[in-house]
Amino acid sequence: MKKQYNLLSLLVLISFFIVIDGCGETEKEKAERRLKEMLPLDPQGYKEAKWGMSYEQVSKLLDEKLIEMPGEGGLYVNITVINKVISSVNYYFGQNGLASVYITYGRSLDRTSIQIDVGDFNEVEETLINKYGEPIIKERTGTPETIKVGDGEYKDTWKFPKTLLVLSYSRERDKFFEGVGVSIYYMSVEGMESLPREKSTNDF
């Protein structure tokens with residue numbers, strides 16, 4: 001009986017220290033641990049184009065040459081097909097090479113756009129979740145109807161050790177275009193400092 005009691009006491013003591021050890025993890029440590037766990041899923045760029053690559057390296061990976069946008073400070077555009085929809089992929093090159101990739105889904109280089117709705121957002125969201133898991137942040141303000149008139153936004157955010165990925169469904173407006181759009185933004189965590197500060201993500 002005494003041996004059983006001692007064994008039970010030992011198990012309780014071990015469980016106590018395990019609980020105490022888990023409680024000792026700070027929020028910062030939890031975040032760092034989660035980032036390490038996400039490392040295998042980190043895209044570290046967009047498809048074959050990886051952070052830090054030069055314009056020449058990225059250009060060789062594509063079927064056609066990147067189109068430089070005059071006066072945009074390191075912005076090159078490639079027109080491609082995503083989910084059977086013609087879209088533009090915007091590559092930003094900073095001092096240390098490729099720093100971000102901004103995709104305007106359903107919008108081509110000549111500023112035209114197809115009709116986009118929340119169903120397109122849901123389709124892209126499902127594709128990204130299947131590939132990277134659930135986003136760490138899901139923001140939903142307004143409704144699909146109010147977004148069409150400029151009030152509200154749907155946004156998902158994934159964070160990896162070297163990449164920040166943001167998917168959004170919102171109303172876009174610039175001097176060439178106004179309407180509802182789906183955007184996918186891949187950003188290098190280390191390379192963001194080298195991006196041109198005056199560039200707005202809503203400028204096509």
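Which one of the conditions (1) touching an Asp or Glu at 6+ places or on another chain (Cβ under 9 Å); (2) over 16 Å from Ile184 (Cβ atoms) does Glu125 fail to meet, given that it meets all the rest?
(2)
Does any residue in segment 45-66 that is on the phi > 0 side of the Ramachandran plot come within less than 6 Å, Cβ to Cβ, of a residue that is of a type in the set (Phe, Trp, Tyr) six or more places away or on a different chain, and which pairs are these?
Gly45/Trp51
How many residues are in contact (Cβ under 8 Å) with a residue 40 or more places away in the chain, closer than 15 Å to Arg140 by Cα and among the aliphatic types (A, V, I, L, M) if we restrict to segment 156-172?
Residues meeting the conditions: 1.
On the given criteria, is Thr80 farther than 23 Å from Tyr132 by Cα, at pLDDT 65 or above and hydroxyl-bearing (Ser, Thr, Tyr)?
no
When only residues in segment 43-54 that are within 19 Å of Leu167 (Cβ to Cβ) and surrounded by fewer than 18 Cβ atoms within 10 Å (Cβ to Cβ) count, which is modelled with the highest pLDDT?
Of everything passing the filter in segment 43-54, Gln44 is modelled with the highest pLDDT.
The values are calculated or read from the model by the stated rules, or taken from the named source; none is laboratory data. In this text the structure is predicted, and so the values were computed from the model without any measurement. Glycine gets a Cβ as well: all are built from the backbone with ideal geometry, and neighbour counts include every protein chain shown.
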